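J.: Quick one: the structure is below, questions incoming.
The values are calculated or read from the model by the stated rules, or taken from the named source; none is laboratory data. Just so it is clear, the structure is predicted and the values come from calculations on it, not from any experiment. Cβ placement follows ideal geometry from the backbone for every residue including glycine, while neighbour counts extend to all protein chains displayed. Ligands, DNA and RNA are excluded from the accessible area calculation, which covers all protein heavy atoms including side chains. Shrake-Rupley method; radii C 1.70, N 1.55, O 1.52, S 1.80 Å.
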Amino acid sequence: MNLVWKLLRQHVSIPQFMGFFFANLVGVVIILLGVQFYFDYQQLDSEDSFMKADYLIINKKIGAMSSLAGVSNAFTESEIEELEDEDFVEKIGAFTSSAFSVRAKFDVDGFANFSTDMFFESVPDEFVDVKSDEWGYEEGSEDIPIILPKNYLDLYNFGYAQGKGLPKLSEGILGAMKLKIHIDGSGKSGDFDGRIVGFSSRLNTILVPEQFMNWANSQYASANAPKQYTRLIVEVKNPADEKITTYLQDRNYETDEDKLDASKTNYVLRIIVSIVMGIGLVISILSFYILMLSVFLLVQKNSTKLENLLLIGYSPVKVAAPYQLLTIGLNLCVLVIAFVVLVVVRGMYSLMFEQMFPDYTPASLMPSAVVGLTLFVIVSMFNVYAVYTKVMSIWKRKG
């Protein structure tokens, strides 16, 4: 092997291989950073995460005349189906409201007198932005998992608690407390234990599992109570689509304009991130092409020597090995240095995330490692095969 390499390396062009090395390094770094940034940003417990899907909460406008005339603001089945058929809609879900009275109080010392009337709503589980193993309900259970809006906690801490001299609560403390829930309706009543399992940034309502809502409405709601959907949650493909605004205006529907504008901005940011990752992929592909071109030129320059080596008994595998090891070594160096750069850059933006979001926990480096190793294996296998094929063509010509 050493003798073969000494003979063949005379025509190795260092500038060509260095050009491949740095071009490939830039491309791989961009790809790995894009992948890792995606997973790190997903860790942010924020509705503003631009990597998440875009959701709109839609309801009918309530005007003075419609209220006085007793016109219902609920969506009909045909209106829901019409909206679902629109091109800009990915999927759609409906809010189900509790058709019974609910009263809750804290089951904690110091909060014995803190009780309030409240309401429940539910949406299909796929639209809930809080992930918890405790979310769900089995018929007959007396435990009800509850998700509160984050702004409710802010209203309590900086409004109600401030004025009443009550202690302020964190998400962790409130999650450890239990609520006594009393439900009354249709001549029946029941007592349940409520557990706060999370706080939602997306849904501004008091959420319970859809399984519980369907069961409770069947038990405590009046038999004559109509099943109405007054709000819809819609996942849209492209929030920047002008069809959305036109559709809502034409049908007198409304949504939170701030969230719609934020969704449009997030959509543009996602496109920018995708473009950057695409540029990294293109740079990597071009650098791989440069490498293969360099190797093929090197093999072509040494074709006479290769033929002589094959004639004196060297196998094509031994002749191709130096070139194959060269490409694998370069690819491995690129991967290692790219990963070091990734760790350094990631440490810089993770520090910014931690300053903005104190509870932020970075994601694992495993996704980037898997992507990097996958690129390394695929490219190296392709390089090894291409070099072997080139040497075999010389071998066949010799024959």
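J.: So which residues in segment 118-134 are open to solvent by 90 Å² or more (accessible area, probe 1.4 Å) and modelled with pLDDT of 85 or more, if there are any at all?
T.: Within segment 118-134, just E126 meets the criteria.
J.: Another question, if that's okay. Among (1) touching a strand residue (DSSP E or B) at 6+ places or on another chain (Cβ under 7 Å); (2) open to solvent by less than 80 Å² (accessible area, probe 1.4 Å); (3) in contact (Cβ under 8 Å) with a residue 60 or more places away in the chain; (4) of a type outside the set (G, A, S), where does W215 come up short?
T.: (1)
J.: Hey, does segment 262-275 have a residue that's in contact with a Leu (Cβ under 6 Å, 6 or more places away or on another chain) and at pLDDT 70 or above? Walk me through how you get there before you give the answer.
T.: Just the residues of segment 262-275 that are in contact with a Leu (Cβ under 6 Å, 6 or more places away or on another chain), to begin with: none.
Checking segment 262-275: not a single residue is in contact with a Leu (Cβ under 6 Å, 6 or more places away or on another chain) and at pLDDT 70 or above.
J.: Given the criterion at pLDDT 65 or above, touching a Leu at 6+ places or on another chain (Cβ under 9 Å) and either open to solvent by 70 Å² or more (accessible area, probe 1.4 Å) or over 25 Å from W215 (Cβ atoms) (or both), identify the matching residue among F106, F95, F75, F114.
T.: The unique qualifying residue is F114.
J.: Within the set of pairs 6+ apart or on separate chains, which have a first residue in segment 167-187 that is over 11 Å from V197 (Cα atoms), a second that is loosely packed, with under 12 Cβ neighbours inside 10 Å, and C-beta atoms under 6 Å apart?
T.: Listed by first residue and then by second, the contacts come to H182/D191.
J.: OK, next. Of (1) closer than 27 Å to K61 by Cα; (2) more than 33 Å from the chain's Cα centre (by Cα); (3) surrounded by 15 or more Cβ atoms within 10 Å (Cβ to Cβ), F192 satisfies all except one. Which?
T.: Unmet for F192, out of (1) closer than 27 Å to K61 by Cα; (2) more than 33 Å from the chain's Cα centre (by Cα); (3) surrounded by 15 or more Cβ atoms within 10 Å (Cβ to Cβ): (1).
J.: When you check N157 against the structure, is it within 32 Å of the chain's Cα centre (by Cα) and not in a strand (DSSP E or B), yes or no?
T.: Values: within 32 Å of the chain's Cα centre (by Cα): yes; not in a strand (DSSP E or B): yes.
It is true that N157 is within 32 Å of the chain's Cα centre (by Cα) and not in a strand (DSSP E or B).
J.: Continuing with this model, one more query. So, in segment 332-385, how many residues would count as being part of a helix (DSSP H, G or I), open to solvent by less than 80 Å² (accessible area, probe 1.4 Å) and touching a residue at least 40 places away in the same chain (Cβ under 8 Å)?
T.: Residues flagged as part of a helix (DSSP H, G or I), open to solvent by less than 80 Å² (accessible area, probe 1.4 Å) and touching a residue at least 40 places away in the same chain (Cβ under 8 Å) within segment 332-385 amount to 23.
J.: I'd like to check which strands (runs of 3 or more DSSP E) are fully inside segment 176-259 and have at least 3 residues that are of a type in the set (A, V, I, L, M).
T.: On the way: elements: 178-185, 188-200, 231-236.
So the answer is 178-185, 231-236.
J.: Separate question: Which members of segment 341-385 meet the condition of being at pLDDT 80 or above and closer than 30 Å to Y314 by Cα?
T.: Those that are at pLDDT 80 or above and closer than 30 Å to Y314 by Cα: F376, V377, I378, V379, S380, M381, F382, V384, Y385.
J.: Residues in segment 45-56: is at least one more than 34 Å from the chain's Cα centre (by Cα) and modelled with pLDDT under 85?
T.: Here is the first cut: in segment 45-56, the residues more than 34 Å from the chain's Cα centre (by Cα) are none.
No, because not a single residue in segment 45-56 is more than 34 Å from the chain's Cα centre (by Cα) and modelled with pLDDT under 85.
J.: Within segment 128-152, restricting attention to residues that are farther than 19 Å from V102 by Cα and in a helix (DSSP H, G or I), which residue is nearest to the chain's Cα centre (by Cα)?
T.: Top of the filtered list is K150.
J.: Of the conditions (1) open to solvent by less than 80 Å² (accessible area, probe 1.4 Å); (2) part of a helix (DSSP H, G or I); (3) modelled with pLDDT of 70 or more; (4) among the hydroxyl-bearing types (S, T, Y), Y314 fails just one. Which one is it?
T.: (2)
J.: If you take the residues of segment 135-157 that are over 18 Å from L203 (Cα atoms) and at pLDDT below 85, which of them is least open to solvent (accessible area, probe 1.4 Å)?
T.: That would be N157.
J.: So, in segment 317-331, of the ones that are aliphatic (A, V, I, L, M) and open to solvent by less than 60 Å² (accessible area, probe 1.4 Å), which residue ends up nearest to L373 (Cα to Cα)? If you could, list the steps in order and put the result at the bottom.
T.: First, the residues of segment 317-331 that are aliphatic (A, V, I, L, M): 317, 319-321, 325-326, 328, 330.
Those still in the list that are open to solvent by less than 60 Å² (accessible area, probe 1.4 Å) too: 319-321, 326, 328, 330.
Working: V319: 27, A320: 23, A321: 21, L326: 18, I328: 12, L330: 14 Å.
So, considering only residues that are aliphatic (A, V, I, L, M) and open to solvent by less than 60 Å² (accessible area, probe 1.4 Å), the one nearest to L373 (Cα to Cα) is I328.
J.: Let me ask something else about it. Which of the residues spanning segment 195-212 are open to solvent by less than 40 Å² (accessible area, probe 1.4 Å) and basic (K, R)?
T.: Correct list: R202 only.
J.: Another question about this same structure. Of these, R202, R231, which one is closer than 23 Å to E121 by Cα and at pLDDT below 80? Lay out the reasoning, then the answer.
T.: Details: R231 fails: at pLDDT below 80.
Only one candidate passes the filter, namely R202.
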